[in-house]
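Working notes for the structure below.
The values are calculated or read from the model by the stated rules, or taken from the named source; none is laboratory data. The shown structure was predicted, so the numbers you read here are calculated from the model rather than taken from an experiment. Note: ideal-geometry Cβ built from the backbone for every residue, glycine included; neighbour counts use all protein chains shown.
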Amino acid sequence: MQLRFCRRSPLRLSLLVAILLSVPACLSAQEPPLHTASPQELAVVKVLVAQEAAWNRGDIESFAKGYKDSPNTIFISHQVNRGYAGLIEEYRKEYPTKAAMGTLSFSELEVHALDENFAFCIGKYQLDRNKKEGGRAEGLFSLIFEKTDQGWKIIVDHTT
């Protein structure tokens, strides 16, 4: 489905690529002005709040419900992973215990509507855990969400 979206609208794909390439500059620039969040923005943030809570319970399966269950879902970190099943497998491998998962928090979230069915979100994450389990980790992420019959779902996750 993601491929049809890209083929149908090369201009939208070009815009999306430009946004993804500008994420580091956006996060280091001045903070955006405050505004009243739209229902779309609130719905996307609600997904992230649910993911944060699930992670902090040690529940990878519930955390993964924020992603679209599709072979086209993409997760980019140290490598490109494709597909929902592979995403869950990678999380289980990297975080085999609740202690290894630590405590996750998201901050500086910015949600930008691309249209009524797609949104882009950037933000920061922080993962606190003891040294034995890998210590503190933090970084940036950019997410593309798609509005589905099951609600807003992540279809592309790029986490540094």
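Does ILE74 fit the bill of being more than 29 Å from HIS35 (Cβ to Cβ), surrounded by 14 or more Cβ atoms within 10 Å (Cβ to Cβ), under 14 Å from the mean Cα position of the chain (by Cα) and among the β-branched types (Val, Ile, Thr)? Yes; evaluated as a whole, the condition is true for this residue. Can you confirm whether the stretch 23-40 contains a residue that is under 12 Å from the mean Cα position of the chain (by Cα) and either farther than 17 Å from GLU138 by Cα or part of a loop (DSSP other than H, G, I, E, B) (or both)? Scanning the stretch 23-40 turns up no residue that is under 12 Å from the mean Cα position of the chain (by Cα) and either farther than 17 Å from GLU138 by Cα or part of a loop (DSSP other than H, G, I, E, B) (or both). Condition first: in a loop (DSSP other than H, G, I, E, B), free of Cβ contacts under 8 Å to residues at least 60 places away in the same chain and under 22 Å from GLU138 (Cβ atoms). Now tell me which residues in the stretch 61-82 satisfy that. The answer is HIS78, GLN79.
Among the residues of the stretch 33-56, is there at least one that is at pLDDT below 65, surrounded by 13 or more Cβ atoms within 10 Å (Cβ to Cβ) and within 15 Å of GLY123 (Cβ to Cβ)? No: the stretch 33-56 contains no residue that is at pLDDT below 65, surrounded by 13 or more Cβ atoms within 10 Å (Cβ to Cβ) and within 15 Å of GLY123 (Cβ to Cβ). How about the stretch 95-115: which of its residues are assigned to a helix (DSSP H, G or I) and over 17 Å from the mean Cα position of the chain (by Cα)? Across the stretch 95-115, the qualifying residues are LYS98, ALA99, ALA100.
Exactly one residue out of GLY58, GLY123 is within 25 Å of GLY151 (Cα to Cα), under 13 Å from the mean Cα position of the chain (by Cα) and outside any helix (DSSP H, G or I): that is GLY123.
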